[in-house]
Amino acid sequence: MDWCSGLLPQQMRPMNSDKNNASEDAAAQDEQARKPEAQQRNGKDTGNDKKPDNPSDNKEEKDDQDDGESNRKRPGKKPLIILGVVVAVMVIVALVWWFMTRNQVTTDDAFTEGDAVTIAPKVSGYVTDLAVEDNQPVKKGQLLVKIDPRDAVAERDRAQAQLGMAQAQLHQAQVQLALAKVQYPAQLAQAKAQQAQAEANLVNAQADYKRQRGVDPRATTQRNIDAANAQLRSATAELENAKAQVQVAAQVQLQIRQAQANVEAARQQVEQANAQLETANLNLSYTEVRAPFDGYVTKRNVQLGTLVQAGSSLFSLVSRDIWITANFKESQLEHMNPGDKVVVTVDAYPDMELHGHVDSIQQGSGSRFSAFPAENATGNYVKIVQRVPVKIVIDSGLDPDFPLPLGLSVEPKVTVE
């Protein structure tokens, strides 16, 4: 149409242009009139119902849509780069973690341990003084419980009386020994003197008897002869008696040793009385139950006025020395040795970190020392990884004013070489 209009005369061009303008105005009015009707009828966008005026513009729009869809289907290289960076970071972190923990052995089967003893009295009686409360800290030698001491005091007084009597007997035996050392030698000398006198009397009697026998019978009488004969026999008997007395008195050393033995017997009685007194004093001291070491009173089951028996449990005493018992798997003990450094975390106190070292490794697994050890020689066998207790001594990190109870769960990390 444009090239035809160029061939028309100039007078006809305004007329044709006016017609074209009029047709365009009419088409625009019709289009505006159709828009409200389409919106009311469908409630949709007017752009979808409007037909494009130019087919070339519609084709270009379709080409743009195809290009956009193709661009959305191909994400490009940026996501792949991000994924590669993330993978590289994860690999680096894993390598660093492996390098830092390759010499560490850890387990969660570990607990706090310590010395815990049962406090029991050695004598029976009523509790007259209870000096401790539950979970109270105590010092070594501190009085815990006092039992009625009257029976023990009576036993001590009787032992003291027996000791005094034994000491008196010892003094008496010592005096007798001193006297024997003087008396028995004097008795020997006296017996020898009596023997000499008897010998003299015998000689005199023999002389008188010979004299009476040697004279003329008319110069003496039978009476004198009999008297001289009797005097001779009496002097002989007295001499024999004196000799016997000398033999008895001659045992001076034996008699002195006998006195010394009496002294030793008395001295042993004194020792026995001393032992009985010490026993009585011990029994008296047993009425006062004292702490054997520094620690904390736990599980108290005694009250004031309770009648306790010897050996009955009063309470438990937990020491302040705490260590760790960690049950490691047998496969974790290959490079573990006493002296390896350990870092311990406590489940009850996450902010607490303890430092220590491996003290010793038990020579036997936990199942070996159980009440009913496994009998692997009978029945079917299923291999189970055994655990071995390891004692870990804490070097630092404990607060003396904030002790750890026994049996808390901990997690030790042992750095092995």
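So, Asp151, is that one assigned to a strand (DSSP E or B) and surrounded by 13 or more Cβ atoms within 10 Å (Cβ to Cβ) or not? Taking the combined requirement at face value, the residue does not satisfy it. Looking only at residues that are surrounded by fewer than 18 Cβ atoms within 10 Å (Cβ to Cβ) and among the basic types (Lys, Arg) in the stretch 279-328, which one is farthest from Asp148 (Cα to Cα)? Checked the stretch 279-328; the qualifying residue farthest from Asp148 (Cα to Cα) is Arg320.
In the stretch 225-271, of all residues being of a type in the set (A, V, I, L, M, F, W, C) and surrounded by fewer than 14 Cβ atoms within 10 Å (Cβ to Cβ), the one that is nearest to Leu170 (Cα to Cα) corresponds to Ala265. Could you please find all residues in the stretch 257-312 being under 30 Å from Gln167 (Cα atoms), among the hydrophobic types (A, V, I, L, M, F, W, C) and in contact (Cβ under 8 Å) with a residue 12 or more places away in the chain? Correct list: Ala259, Val263, Ala265, Ala266, Val270, Ala273, Leu277, Ala280, Leu284.
Within the stretch 375-401, the set of residues being among the charged types (D, E, K, R) and either farther than 20 Å from Ser331 by Cβ or at pLDDT below 80 (or both) comprises Glu375, Asp395, Asp399, Asp401.
Any residue in the stretch 314-321 that is of a type in the set (Phe, Trp, Tyr), in a loop (DSSP other than H, G, I, E, B) and in contact (Cβ under 8 Å) with a residue 12 or more places away in the chain? Scanning the stretch 314-321 turns up no residue that is of a type in the set (Phe, Trp, Tyr), in a loop (DSSP other than H, G, I, E, B) and in contact (Cβ under 8 Å) with a residue 12 or more places away in the chain.
Condition check: polar (S, T, N, Q), within 25 Å of the chain's Cα centre (by Cα) and either loosely packed, with under 13 Cβ neighbours inside 10 Å or more than 29 Å from Gln104 (Cβ to Cβ) (or both). Does Ser370 satisfy that? When the stated conditions are applied, Ser370 passes them.
Within the stretch 351-389, can you find the residues that are basic (Lys, Arg) and touching a Lys or Arg at 6+ places or on another chain (Cβ under 7 Å)?
Narrowing the stretch 351-389 to residues basic (Lys, Arg): 368, 383, 387.
The answer is Arg387, and nothing else.
Do we find that Val123 is assigned to a loop (DSSP other than H, G, I, E, B) and either surrounded by fewer than 19 Cβ atoms within 10 Å (Cβ to Cβ) or on the phi < 0 side of the Ramachandran plot (or both) in this structure? In short, yes.
Here Gln276 meets each of (1) more than 21 Å from Val145 (Cα to Cα); (2) surrounded by fewer than 16 Cβ atoms within 10 Å (Cβ to Cβ) with one exception, condition (2). Somewhere in the stretch 363-374, is a residue under 25 Å from Thr298 (Cβ atoms) and either in contact with a helix residue (DSSP H, G or I) (Cβ under 9 Å, 6 or more places away or on another chain) or modelled with pLDDT of 85 or more (or both)? No, because not a single residue in the stretch 363-374 is under 25 Å from Thr298 (Cβ atoms) and either in contact with a helix residue (DSSP H, G or I) (Cβ under 9 Å, 6 or more places away or on another chain) or modelled with pLDDT of 85 or more (or both). Hey, does the stretch 178-194 have a residue that's β-branched (Val, Ile, Thr) and surrounded by fewer than 12 Cβ atoms within 10 Å (Cβ to Cβ)? Yes: the stretch 178-194 contains one or more residues that are β-branched (Val, Ile, Thr) and surrounded by fewer than 12 Cβ atoms within 10 Å (Cβ to Cβ). Scanning the stretch 126-148 for residues that are under 26 Å from the mean Cα position of the chain (by Cα), in a strand (DSSP E or B) and under 14 Å from Arg300 (Cα atoms) returns Leu130, Pro137, Val138, Leu144, Val145. The condition of being part of a helix (DSSP H, G or I), without any contact (Cβ under 8 Å) to a residue 24 or more places away in the chain and within 30 Å of Leu239 (Cα to Cα) holds for only one of Ala186, Ala161, that being Ala186.
When Val117, Val123, Val138, Val127 are checked against the criterion of being under 27 Å from Val388 (Cα atoms), in the same structural domain as Trp323 (by TED's automatic domain parsing) and not charged (D, E, K, R), Val117 stands alone in meeting it.
The values are calculated or read from the model by the stated rules, or taken from the named source; none is laboratory data. This structure is a prediction, so every number in the text was calculated from the model and none was measured. Using ideal geometry, Cβ is built from the backbone for each residue, glycine included, and neighbour counts are taken over all protein chains shown.
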